[in-house]
Amino acid sequence: MTDHFEVHARDGAARIGEIRLDTPLRTPGLVGDRLHDAGSEWAAGRETPDGDPDALTLLPHRALPAGTPDSVRETFGGAGNAASADDAPAPDELDVASAVVVAPDTATDHGADAYVLSGGPALVGHAERFVDAVTTVRRAIPDDSALYLAGAATPANVAALVYAGVDLVDADRAHVRGTQGFYLTAEGEYFLEDLEELPCACPACRGGREAFDRRACAEHNVTALETALRTVRARIRDGRLRDYLEGQGRHESFPTSVLRRLDGEYAYVEERTPLFRRESLLAATEDTLRRPEIRRFADRVTSRYVPRFDDRPLLLVPCSATKPYSESQSHAQFHRAIDYRAHTVSMTSPIGVVPQELETTYPAQQYDSVVTGHWSETEYEFIAAVLARYLERADYPRVVSHLPADYRPIVDRALDRLDTVPPVEHTVVDHPTTEDSLASLAGALEGEDRFGKREREHHTVRALADYVFGAGAGDELFCDLRTGSRYPKLRALDAGIEPRPGDDTDDDGAVHLATMVPNYGTLSLTLAGARRWVESDVPTKRVEIDAFVPQGSVLAPGVIDADESIRVGDEVVVDGPEAFAVGRAQVHGRGMVDATRGIVVQVRHSVET
Amino acid sequence: MSTEEPSPEVYESGRGMDAHNAAMREIRSRRDETYDPREPTRVWLDEDNTPDGTRRSLTIILNTGGCRWARAGGCTMCGYVAESVEGGSVSHEDLMTQVEKCLDHEADDADDPAPLVKIYTSGSFLDEREVPAETRAAIGETFGDRERIVVESLPDFVDADKLADFTGQGLATDVAVGLETATDRVRHDCVNKYFDFADFEAACAEARAADAGVKAYLLMKPPFLSEPEAVADMKSSVRRCAAVEGCHTVSMNPCNVQRYTMVEDLFHDGGYRAPWLWSVADVLESTTDTDAIVVSDPVGHGSDRGAHNCGDCDDDVQTAIKDFDLRQDPSVFEQVSCDCELTWEAVMERETSYGMPLAR
């Protein structure tokens, strides 16, 4: 129960929020002089303070430094005031914003608004321990509580701290490093004495090099940290913190170590990663291949997605810079040669393989990569592995590879991994879009049947349903599927179910269940679609609410329970004693249950029951 | 003072102790050296400030089988238990052999016998299970021609009859008590030493009744305290000790990182930094108005494991501290300065126990 902390925006495990004080304290940010510390009980007995409504009150604590033996951790390791008199009030009994000190193995829900993870200085020197500690604590405390790492932040590491899930930091380390003659920047640190010119124009640096002493250096460091935090907040709002962190990794090892270790904590980051973003995802480093978005896409394509076109030839084509691919010049040229006679699957780094039905999904439509024609071993290996997994689940009679020479090793490696290999034909002579190549492509498909618009549209709707709702959804959700409107804004209707009052139907009485959202490659459900989902065998992502009828949005206090599989951007069914609704999740499932403030579902349709 | 038979068992209370002891037993078990019971642990010659002025001193660390409290687990910072013989006690004959070797050392290295003799045991010299009454009396006789003797003991064992072995020889006699801090909570929870300040006061009264004095040993910055907390604890502890009748000297020593200790585990994982020498100087400088001799002897100064500043000024500050020990003149600290004072000031202003160490 956190009355005084609210999350406003999320980007993976990073969040923008505020500690609700008389003057709000923005996160991620510096705690500054807004922390009132009741003191360490290692040093003296402490009273629980009355609390200042304009400060975060840190309750009496016993911090456990790095290296504290287990038996001591267990004995002294309760929340801050656990060591106080038995009649000390619990954090949630105070009516001010409260914080308690925890260590990874002693963290649990203490009812506080914020948690101080002890041992920050040691953690930021050791990415493995840092990631272990933050993910452990984050899992143990409510999602809508703030996490403060003390004595640890620098301009170069703060993006990584926030990316892992830290909300509050302080300027102590940055200041102290300045007094030691270290000049800090977002790209790392310099020995002040080695700097001929100060690479910054902050007020402390404007006085010139001669007058710049260690006091000024400390001041600059704090300003640089504040600037870095502003950058981080802007990046979170844009959903592009990861790209920034990958960039910082070119200068400093810590950000890279942190993101690689977090990529290894897939369950932790995947839970917090949205289903889609509006913003582009730049693949400029090999670390991009291990982003949770990329891995999730590859997982869904090779597990949920059903290759319904596999009675046709599989046509492998290179990706294009323009997204979705079908709007690119090169794919338009391929398209004319193919003339609906093969199932087109695009090969791309970093995504892997993109079947034509999923070209609008995230991040297939949003990624941008640096194309040089040179592939790294990691890229070859990743894409070949995905293609092999894809082919294992399909049954294509033949493969037409319309790929330039640099893509060939991918196909060869993928086929090497298969037990049964369909016949493969290569159709690119020099470059995929030359007349010769295109003629060769058309020639290879000579004699193959064309598939119709209806089949194309049905397969697209079912593929999106598989991708968004889960394995089997494409077949389960629609009994007698009809499609309407035009690609990419397809409407999915069902002629096999009885319309209910208020349902939208077409002239034949088929009920409108879902509409394709071309910007993000999802399906948005109607109330009839939501009902169909609930009735089907496909696990429903359900938000259980109190007795009210949500209009426009569901706020956190109204949530009774929510499915843990819910991700930001997911379609969700909202269900309560007085209402049935469908909408889009703004918070992951566990976050919805933990939250006490803010919008958790944007409701599209609701009805009183 | 407890009325029960003095033993480590009387301390068997307090919720943190079992935890600390369990941890310390495990840590100590990693060690496998053994020691010869016929060799003293250490012996050296030095100069010390006494109530009668500065005197040349012979310091002996007897190997008595070590501290029984340490076998139960013991203090979080103390590695001396390891400097013990395997299996426990050392016989009277062996102890006297050690004393002989110390006298030989003194004869080799000094022209005359030192007026001041200090005997430590890494335990309690006055505990008869460590040093039998027979040995104590023999040692009193051995050094009967000196001016002053200091023997180390926990407060429980301070007893006028035992001290008579020295006062009866006409020796000015002091008991060195490892009080560590006047703050009971810090002594219990951070040091894991289980007696109270009241026991120390009682020991001082007992010593006074025997015409002996007490020298309090304080520990600056046990684990779990931040630098400012540690300095505040020492400033108040020095004053509280100096105010106790019979306690004429306070030796305030920065914690150092000894092998096979909990402090070493914290240090190894980045959770402990030995105190700054500036902190030592600060405490000495700010307590000169007290009615006691206040000294400090930083061990391993300038190294990562000992009290240290930035590396540039450590020797200068150490020299000032040693100078202060002999002259008790705070102006010695005006003679030393360094850029790193700015860092120390920032640490004193900003360091917390949940975000330390702020600087190495």
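Before moving on, here are some points about what is shown:
- Which listed residue is facing chain B (nearest Cβ under 8 Å), out of contact with any Phe, Trp or Tyr (no Cβ under 8 Å at 6 or more places or on another chain) and closer than 29 Å to residue A:223 by Cβ, from A:37, A:33: A:37
- Residue within the stretch A:497-519 that is modelled with pLDDT under 95, buried (at least 21 other Cβ atoms within 10 Å of the Cβ), within 16 Å of residue A:305 (Cβ to Cβ) and not polar (S, T, N, Q) present: no
- Residue B:58 fulfils the conditions (1) modelled with pLDDT of 95 or more; (2) crowded, with 20+ Cβ neighbours inside 10 Å; (3) assigned to a helix (DSSP H, G or I) except for a single criterion, (3).
- With respect to being under 15 Å from residue A:520 (Cα atoms) and touching a strand residue (DSSP E or B) at 6+ places or on another chain (Cβ under 7 Å), residue A:354 fits the description.
- Residue match in the stretch B:306-316 (condition: in contact with a Cys (Cβ under 9 Å, 6 or more places away or on another chain), among the acidic types (Asp, Glu), within 13 Å of chain A (Cβ to nearest Cβ) and closer than 27 Å to residue A:179 by Cα): yes
- Spans of helices (runs of 4 or more DSSP H) in the stretch A:154-265 with at least 3 residues open to solvent by 20 Å² or more (accessible area, probe 1.4 Å), out of contact with any helix residue (DSSP H, G or I) (no Cβ under 7 Å at 6 or more places or on another chain) and closer than 29 Å to residue A:7 by Cβ: A:214-238
- Criterion violated by residue A:143 - all others in (1) open to solvent by less than 10 Å² (accessible area, probe 1.4 Å); (2) within 13 Å of chain B (Cβ to nearest Cβ) satisfied: (2)
- Tabulated pairs, the stretch B:219-232, first closer than 18 Å to residue A:76 by Cα, second in a loop (DSSP other than H, G, I, E, B) and hydroxyl-bearing (Ser, Thr, Tyr), C-beta under 6 angstrom, 6+ apart or interchain: B:223/B:76; B:223/B:272; B:226/B:352; B:226/B:353
- Checking each residue in the stretch A:302-335 for being in a loop (DSSP other than H, G, I, E, B) and of a type outside the set (D, E, K, R) picks out A:305, A:306, A:307, A:309, A:313, A:319, A:320, A:321, A:322, A:324, A:328.
- Among residues of the stretch A:325-341 that are buried (at least 18 other Cβ atoms within 10 Å of the Cβ), those with a beta-carbon under 8 Å from a residue that is of a type in the set (D, E, K, R) at least six positions away or on a different chain give the pairs A:325/A:359; A:326/A:359; A:341/A:312; A:341/A:448; A:341/A:449; A:341/A:450.
- Condition check for residue B:279: more than 9 Å from chain A (Cβ to nearest Cβ), modelled with pLDDT of 95 or more and not in a helix (DSSP H, G or I): no
- Residue in the stretch B:287-301 that is nearest to the chain's Cα centre (by Cα), counting only those that are open to solvent by less than 40 Å² (accessible area, probe 1.4 Å) and more than 17 Å from residue B:77 (Cβ to Cβ): B:295
- Number of residues in the stretch B:258-278 that are buried (at least 23 other Cβ atoms within 10 Å of the Cβ) and farther than 15 Å from residue B:76 by Cα: the value is 4.
- Residue in the stretch A:526-536 that is in the same structural domain as residue A:604 (by the TED database) and either of a type in the set (S, T, N, Q) or outside any helix (DSSP H, G or I) (or both) present: yes
- Qualifying residue in the stretch A:172-189 (condition: away from every other protein chain (no Cβ under 14 Å) and at positive phi): yes
- Condition check for residue B:163: within 17 Å of residue B:252 (Cα to Cα) and at pLDDT 95 or above: no
- Reported count of residues in the stretch B:186-205, each being open to solvent by 10 Å² or more (accessible area, probe 1.4 Å), closer than 20 Å to residue B:251 by Cα and of a type in the set (D, E, K, R), is 4.
- Criterion: of a type in the set (A, V, I, L, M), assigned to a strand (DSSP E or B) and within 17 Å of residue A:470 (Cα to Cα) - qualifying residue of A:493, A:523: A:523
- Unique match (being of a type outside the set (Gly, Ala, Ser), closer than 30 Å to residue A:586 by Cα and over 20 Å from the mean Cα position of the chain (by Cα)) among A:333, A:356: A:356
- Exactly one residue out of B:257, B:295 is within 14 Å of chain A (Cβ to nearest Cβ) and in contact (Cβ under 8 Å) with a residue 24 or more places away in the chain: that is B:257.
- Remark: pairs (first residue in the stretch B:88-110, at positive phi; second residue open to solvent by less than 50 Å² (accessible area, probe 1.4 Å); Cβ separation under 8 Å; 6+ apart in sequence or on different chains) = B:88/B:65.
- Residue match in the stretch A:586-604 (condition: free of Cβ contacts under 8 Å to residues at least 40 places away in the same chain, touching a helix residue (DSSP H, G or I) at 6+ places or on another chain (Cβ under 9 Å), assigned by the TED database to the domain that holds residue A:498 and farther than 20 Å from residue A:271 by Cβ): no
- Of all residues making up the stretch A:532-555, the number that are under 21 Å from residue A:5 (Cα atoms) and at pLDDT below 95: 0
- So residue A:284, is it surrounded by fewer than 20 Cβ atoms within 10 Å (Cβ to Cβ) and under 28 Å from residue A:129 (Cβ atoms): no
- Helices (runs of 4 or more DSSP H) contained entirely in the stretch A:363-454, each with at least 1 residues that are modelled with pLDDT of 95 or more, within 20 Å of residue A:289 (Cα to Cα) and open to solvent by less than 30 Å² (accessible area, probe 1.4 Å): A:377-392, A:408-416
- For the stretch B:316-360, a tally of residues being touching a Pro at 6+ places or on another chain (Cβ under 8 Å) and open to solvent by 50 Å² or more (accessible area, probe 1.4 Å) returns 1.
The values are calculated or read from the model by the stated rules, or taken from the named source; none is laboratory data. Computed from a prediction, not measured in an experiment: that's the story for all the values here. Glycine gets a Cβ as well: all are built from the backbone with ideal geometry, and neighbour counts include every protein chain shown. Side chains are part of the model used for accessible areas, which takes the heavy atoms of the whole protein and leaves out ligands, DNA and RNA. Shrake-Rupley method; radii C 1.70, N 1.55, O 1.52, S 1.80 Å.
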